[in-house]
Every structure is written in C-alpha cells, then in structure tokens.
Amino acid sequence: MSEVSIEKANQFVLHKQHLTEDSKTDDIVKIVNDISGLHATGSTTPYLSLFARTKNFTKNVLEEEINIRRRLGKIRCMRKTLHILTKEMIPVAYAATKKMFILVSERYMHYLGVSSEEYKEISKQILDILNNRAMTTTEIKNALKTKVNTSPIVNLMCDQGLLIRGVSRKGWKSNLHTYFSFNRYFPDLDLHKLKEKEAVKLLVKQYLSSFGPVTENDISWWTGLGKTMIKQLLKELEKQTLIINISNLKGNFILLKTDKRNLKYFNLSRKGIVNFLPVQDPYIMGYKERERYIDPGDYDNVFDRSGNAAATILLDGRVIGVWDFTEKAESTVKIYLFKKVGKALLKRIYSEASRIGKFIADKEVHIKECKHMISLRERTLGGFMSPLKGC
C-alpha cells in the first residue's frame, strides 16, 4: 500500500477520532485516549468535542470524570495550550513538553511583579491551605490575606506540577477554574518518572495512532517540538512506521505499521458523514498541512492569523462551512456554507445544527443560514470564537 485516496485517509481518521456513526462511543475516557486529548483553552470546547463523538453525552459526565472519578485531568502541554488528558497520558505529555512553558510562566510571573522569593513562600502556603479541597484563585488570595498577585503564582504552580485545574463551579461555559493540589488529586501519579526523550517518543507514537497518516510538519506542529528533534525521533521509529502517499497531496505521510491493515481494508462510507465540530477541535487542530481537509480558498474563513480554528461543518472529513451560536434575542445556530449543497445534504446539516444547538441551549433553537461572512484574517483578535458575528 503505497498510496491511498484523500477521501479514504480522511474517513479513516474520522473513524479513529470517533466521528463516524459506527465509531461513536459513550466511553469518554476511551475517546480522550484515542484522540490524544481534548483542547481545553475554551471552556465549552471539550464538551462539544465529546458531544460530536458520543451517542448519549451529558455535560455532567465530563465533570464527574475530572473532579470525582479522576481518570482525566487538565494540564498545559502541547503547543503550550490546555488539554484534558487521560491520567495515564498526563506524565507523558508533561515530561515531553514542560520545557516549552515553565520558563515562559516564570517570566510572566516576574513581569507581573512577583519575585522568586514571594513565589517560594506563597506557593508553600497555597499547598497548605488547599490540602484536599478545591479553591479558586480569588478564594486562595482571600485565605492567604495577601496583596501579592496570586494568579501568576497559581499558573506557575500548575505548570510545575504542584497544582492541577478542576472544573468551574459556575458551569460548563465558565473558564473560572478551581485548583487542587496535584499530589492530593493524583496521589499515585509521578510526573517526573519519564525522561524527556522517552516521553517525546511515547507522545509522538500516541499522536501517530490518533492522527496518522501525517507529515513531519504535522508532528512538529501538534507537539510544539522542534523539527530537528522530530526528524531524529522518526529515525528511531523507522521500524514501527511506514511511508505512504495521499493522492493529490504533496509530500510523504507517516503511518504506524499497526495501522497498515486497518487503513488498507477500511471501507468508505457512501452516505456522507456530517460533523459539527467546536472551536479548536482536535481533528481540525491536529494538522499543520491542512490541504487534506480544506480548500485553500476557504482557509481564511476557518483559521485566523494565529492558526486558531473556528467551529466547523465537515462532510466526509473536509470542511464545507462554519457555524456559530448566539443567545442574544433567541437561541440560534448560524451556519455558513462555502458552496451550495443539495437539498438532502442541507436537510442533514440543519438536523445536526438543531441537535448541537439543543445540547448547548437545553431547548429547541432556531437555525439561520448566513449568505456571507467576514474573513477571520480581517477580524480582530478572538474573531474565530464568533465567526458569523453580524450575520
């Protein structure tokens, strides 16, 4: 198998990412493992990513896994962004990526006027007051009765593996985290058991399993690690990988040998797979080489200048439009399709829009089809969060 069609490659990844009907499951820990984590910078993104991959997802399931069952946890890792990972993957991702963000967090803390001495003293006090409970940064500051800015201290403590973020008490749409002592939260987890090189190898293998076939650029982009390191690592993994081509795409694509048979005998769906994915969903953010799933002319309607992805509408793994949700006058899902589609497909798109809108609003919603949108490259910072604003 030296070449596969782009359609087969995309649907194969959709299947691995639990985005086909026959691959959906209500085991969210399995989903998080199989897709190498949930993007968690946006408060609602993890919930909507899981909703797209499950059959009967409810919001409390994720909250229970994080705060009660504790088989999942939220840390900063790949590309210095927040992810929700399985308990088993946390030490791997942390050891592989920590050099990228700890120094940045230290500098940011000093920039905000907190000295190393203040950090050393206050971080110990924070661990004492947290004990086995969760607190917000405001509650921590009030308990300490200090005038020192505790937010950058808490942030650095998370990056150093002293604290871990829990879910917000204000609900799934809030980014106001609670914080736990890491050692109390995961008493049997050693963040420092893996050396960096070993952790990077495990992380890359996990990524290949979730997203392959991929390019070297894709691996470097997703991990946030340098191309030289990735190139050297791939040499060490040569016996476990193979190189294939994807029709109509340039370059070589890397696949785990354990995926070879699965890809070869993978059957394409002829029905047409429609997905509504949230802002910065893993499937969209997993690749640097994005021609595999988006036409170049549509790129600026999906990605802003920093590479942040808007909420997307997929057909068989390719982006055919974007969507938005607003609750101002009435709960409405807005959709913008890049090209005209047939009535049968449009009906399915409306059905999916209604389904995800009801999940967000907990009631029936209106659907509005927009006829135009302003390119994200022409929008201000954060425009990707509401790509159809003004429609």
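Quick notes on this one:
- Mean-position separation - Cα centroids, segment 178-194 and segment 321-388, in angstrom: 40 Å
- Contact order relative to length of segment 218-345, as percent, for alpha carbon pairs under 8 angstrom and 6 or more apart: 19 percent
- Ranked by the mean number of other Cβ atoms within 10 Å of their residues, highest first, the peptides 36-42, 198-204 come out as 36-42, 198-204.
- Taking amide hydrogens as placed 1.01 Å from N in the peptide plane, the amide H of Ile320 sits under 5 Å from those of Ile313, Leu314, Leu315, each at least 5 positions away in sequence or on another chain.
- Bridgeable aspartates and glutamates around Lys141 (alpha carbons under 20 Å apart, same-chain partners fewer than 8 residues away excluded): Glu106, Glu117, Glu118, Glu121, Asp128, Asp159.
- Beyond 26 Å in Cα-Cα separation lie the following of the pairs Lys193/Lys235; Lys250/Lys271; Lys98/Lys120: Lys250/Lys271.
- Note on segment 28-185: with charges restricted to the Cβ of Lys and Arg (+1) and Asp and Glu (-1), its dipole about the Cα centre is near 360 debye.
- Fully extended contour minus Cα-Cα distance, from Glu3 to Glu198, at 0.36 nm per residue: 67.1 nm
- Among the listed pairs Lys87/Lys239; Lys8/Lys363; Lys170/Lys343; Lys87/Lys170; Lys227/Lys340, those whose Cα-Cα separation exceeds 30 Å are Lys8/Lys363; Lys170/Lys343; Lys227/Lys340.
- Using bins of 5 Å that start at zero, the share of Cα-Cα pairs per bin across segment 294-385 amounts to 3, 13, 24, 24, 20, 13, 4, 0, in whole %.
- Ratio of Rg to Rh for the chain: 0.97 [Cα atoms; Kirkwood radius as inverse mean 1/r over pairs].
- Cα-centred dipole magnitude for segment 101-214, charges only on beta-carbon of K, R (+1) and D, E (-1), debye, nearest 20: 360 debye
- Based on every Cα atom in segment 28-185, Rg and the maximum pairwise Cα distance Dmax equal 15.6, 51 Å.
- Fully extended contour minus Cα-Cα distance, from Gln125 to Asn252, at 0.36 nm per residue: 40.5 nm
- The order of the peptides 3-12, 141-150, 77-86 by mean Cβ neighbours within 10 Å, most packed first, is 77-86, 3-12, 141-150.
- Entry note, segment 28-185: relative contact order of 23 percent, from Cα contacts under 8 Å with a spacing of 6+ residues.
- Taking the Cα centre of the chain as origin and assigning +1 to Lys and Arg Cβ atoms and -1 to Asp and Glu Cβ atoms, the resulting dipole is close to 220 debye.
- Extended-chain gain in nm, criterion 0.36 nm per residue less alpha-carbon gap, Lys264 and Ser354: 28.8 nm
- For Asn183 and Asn56, the FRET efficiency from 1/(1 + (r/R0)^6), where r spans their Cβ atoms and R0 equals 25 Å, is about 0.10.
- Taken along the Cα-to-beta-carbon direction at a fixed 7 Å, the label points for Lys389 and Leu237 span 3.8 nm.
- Helix axis angle, 90-111 relative to the chain longest principal axis, alpha carbon, degrees: 60 degrees
- Among the GluC sites (Glu not before Pro) found in segment 78-140, those both in a DSSP coil and sparsely packed, with 14 or fewer other Cβ atoms within 10 Å of their Cβ, are Glu88.
- Database note for the chain: Cys without another Cys beta carbon under 4.7 angstrom, Cys77, Cys158.
- Spin-label zone in segment 203-229 - amide nitrogen under 17 Å from a point set 7 Å from the Cα of Asp27 along the C-beta vector: 210
- Pairwise FRET efficiency - Ile367 versus Ser115, Cβ, R0 = 56 Å, nearest 0.05: 0.55
Values quoted throughout were computed directly from the atomic coordinates according to the rules given, and no laboratory measurement underlies them. Nothing here was measured: the structure is a model prediction, and the numbers come from that model. Don't worry about glycine lacking a Cβ; one is built from the backbone with ideal geometry, like all the others, and counts go over all protein chains shown.
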